[in-house]
């Protein structure tokens, strides 16, 4: 279970986050601190590796860059970076605007985020992060369901909202919306 182990009556910022023990994995959403335990399962790690490898191969020689957790994404939503109350560590992040990258990670909305669901993080990924990523302007957001062998895809519309989602399942081919010529074979992603 993901627990808000720091006080929920206090809104933390990125400046607070920088003071915490690096051996623990934390995320901030709307100033609430969540300890991201337990460590991901072997199946989760395998899916992450396959997706990041496929996307990474595609991005070779292109301007976009791919990063995997732990990698800080600061979503200030108009606040000063140090006052930002949103710091997440998505499983996979693609950033095409290099001005958003610094030594601490990404400052601003990535173009593409993938979260691989765990029982302990599913609610957070499906509700809190979905809303946060929409507000921040993440163009494409995937929720990967390891046990169902499905991927739920959200794409940002011209109105700045995630429209109707699409669900793809093994063994379908899943086109990456932000790249017109990249397709992921879900038969390969969910291989046992």
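Tabulated data for the structure shown
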quantity: Principal-axis tilt of helix 42-59 within the chain, Cα atoms, nearest 10 degrees; calculated: 70
quantity: Extension gain (nm, one decimal) between residue 62 and residue 104, 0.36 nm per residue minus Cα-Cα; calculated: 12.9 nm
quantity: Per-residue Cβ neighbour rank within 10 angstrom, fewest leading, 10, 47, 29; calculated: 10, 29, 47
quantity: Computed E for residue 178/residue 123 - FRET, C-beta separation, R0 22 angstrom, nearest 0.05; calculated: 0.25
quantity: Efficiency of FRET between residue 30 and residue 169 - r from beta-carbon atoms, R0 45 angstrom, step 0.05; calculated: 0.90
quantity: Label-to-label distance, nm, for residues given as residue 21 and residue 192 (7 Å Cα→Cβ offset); calculated: 3.8
quantity: Structure-derived percent of Cα pairs over 26 Å apart: which label, when the choices are (i) 28; (ii) 22; (iii) 35; calculated: (i)
quantity: Most fluctuating residue given options 163, 177, 31, as computed from a GNM of the chain linking Cα atoms under 10 Å; calculated: 163
quantity: Residue order, fewest to most beta carbons within 10 Å, for 94, 88, 176; calculated: 176, 94, 88
quantity: For the chain, built as a Gaussian network whose Cα springs stay under 10 Å, the top-fluctuating residue of 19, 115, 169; calculated: 19
quantity: Residues 23, 52, 180 arranged by fewest to most Cβ contacts within 10 Å; calculated: 23, 180, 52
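Here, each number is a calculation from the coordinates, and none is a lab measurement. These figures come from a predicted structure and were not determined experimentally. With ideal geometry, Cβ positions are generated from the backbone for all residues, glycine too; neighbour counts draw on all protein chains shown.
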